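Right, one structure below, let's go through it.
The values are calculated or read from the model by the stated rules, or taken from the named source; none is laboratory data. Because the structure is predicted, anything quoted here is derived from the model rather than measured. Here Cβ is always computed from backbone atoms with ideal geometry, including for glycine, and neighbour counts include all displayed protein chains. To get the accessible areas, we keep the full protein, side chains included, count just its heavy atoms, and leave off ligands, DNA and RNA. Shrake-Rupley method; radii C 1.70, N 1.55, O 1.52, S 1.80 Å.
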Amino acid sequence: MERKQESLYKYEVYCPVCGATWKRKTRCKLVRDSDLFYCKRCEVELKVREIGGK
């Protein structure tokens, strides 16, 4: 019997230009203050979206 796997991640930090993503389970500094962090490739501010989780 297969059990549906739910994502444990609640937040996804992403670059709006190149689409690179980082998933986080908790509301860490990267999630809270995403405007302080930049994508190294594109040199633009990162954005955050909630993706669910428990």
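Can you name the condition, by its number, that MET1 falls short on among (1) modelled with pLDDT of 95 or more; (2) of a type in the set (A, V, I, L, M, F, W, C); (3) open to solvent by 100 Å² or more (accessible area, probe 1.4 Å)? For MET1, the failing item is (1). Looking across region 23-36, the residues that are surrounded by 14 or more Cβ atoms within 10 Å (Cβ to Cβ) and either in contact with a Pro (Cβ under 8 Å, 6 or more places away or on another chain) or at pLDDT 95 or above (or both) come down to LYS23, ARG24, LEU30, VAL31.
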